[in-house]
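The values are calculated or read from the model by the stated rules, or taken from the named source; none is laboratory data. Please read all numbers here as calculations on a predicted model, not as lab measurements. With ideal geometry, Cβ positions are generated from the backbone for all residues, glycine too; neighbour counts draw on all protein chains shown.
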Amino acid sequence: MSLSVLDPALEAPSRAAKPLILALPKGRILAECGPLLARAGLHPAPDYADEGSRRLRFPTDDPSLDVVRVRSFDVATFVAFGAAALGICGSDVLMEFDYPEIYAPLDLDIGHCRLVVAAPKDAPEIKAHRLSRVRVASKYPNVTRRHFARHGIQAEIIELSGAMELAPGLGLAPLIVDLVQTGATLAANGLVEVETIAHVSSRLIVNRTALKTRPERVGAWIERFRQALGEEGAP
């Protein structure tokens, strides 16, 4: 048995040397992350953006940081529970989960879309909020429930992970709450936007404990992303 196993103190340097983890979202936002990472001086292994790659963790040209590629909703969970020190996450996800462990210092000015309520185009009584109760299909149960409560409407949430636009036509729910970018998918399925709940963009998020315990390392990455935004004139 090695001495490092017998003496925990001898393990400390190796733990301290472990790279930080940056969690990136799969899908459309991943492609938008590429130029931002480059401006921050970070270049992951080339296959990090290949959705066909079976790898989920990738080294970068900076040995102090690795990236992992996970579902967009899971980025916040990885960061909140300390599996990743940093992440790039949509503000819609932060609204849904509201993790107190997460600090979101920067709006990265990518991933722009809207979180909206949508309904069949021939349902004016629903669009006018004339009901006291309504069934809504969404993958955002918390945001949806709060939104309708503000209108004095009790919402029964049907949780779906995708294909939300099918719900009204198949009688599952008369309303949906979902992300839209152009609205083309809504229109193709006979739906219209009723109202916008929030405008969404991607944020740099940080685990608060990691920032407290490793302020120089984590803070340096926040500053690098801040400078990368400055190069493009972003706020």
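Observations, loosely collected:
- The set of residues in the stretch 59-116 being surrounded by fewer than 23 Cβ atoms within 10 Å (Cβ to Cβ), among the aliphatic types (A, V, I, L, M) and touching a Pro at 6+ places or on another chain (Cβ under 8 Å) consists of 65, 70.
- Taking the criterion of being of a type outside the set (A, V, I, L, M, F, W, C) and under 16 Å from residue 111 (Cβ atoms), the residues of the stretch 197-217 that qualify are 199, 201, 202, 203.
- Test: residue 153 is surrounded by 15 or more Cβ atoms within 10 Å (Cβ to Cβ) and touching a His at 6+ places or on another chain (Cβ under 9 Å): yes
- The single condition from (1) touching a helix residue (DSSP H, G or I) at 6+ places or on another chain (Cβ under 8 Å); (2) polar (S, T, N, Q); (3) under 30 Å from residue 208 (Cβ atoms) that residue 154 fails is (3).
- Residue, surrounded by the most Cβ atoms within 10 Å (Cβ to Cβ), within the stretch 33-50, restricted to residues that are closer than 13 Å to residue 228 by Cβ and under 17 Å from the mean Cα position of the chain (by Cα): 33
- Cβ pairs under 6 Å, 6+ apart, first in the stretch 131-154 and of a type in the set (A, V, I, L, M), second in a loop (DSSP other than H, G, I, E, B): 134/153; 136/173; 137/160; 137/164; 137/172; 137/173
- Residue check for residue 179: part of a helix (DSSP H, G or I), assigned by TED's automatic domain parsing to the domain that holds residue 120 and touching a residue at least 60 places away in the same chain (Cβ under 8 Å): no
- Total residues in the stretch 185-235, condition touching a strand residue (DSSP E or B) at 6+ places or on another chain (Cβ under 7 Å), over 30 Å from residue 62 (Cβ atoms) and not in a strand (DSSP E or B): 2
- Counting the residues of the stretch 26-46 that are among the basic types (Lys, Arg) and not in a helix (DSSP H, G or I) gives 1.
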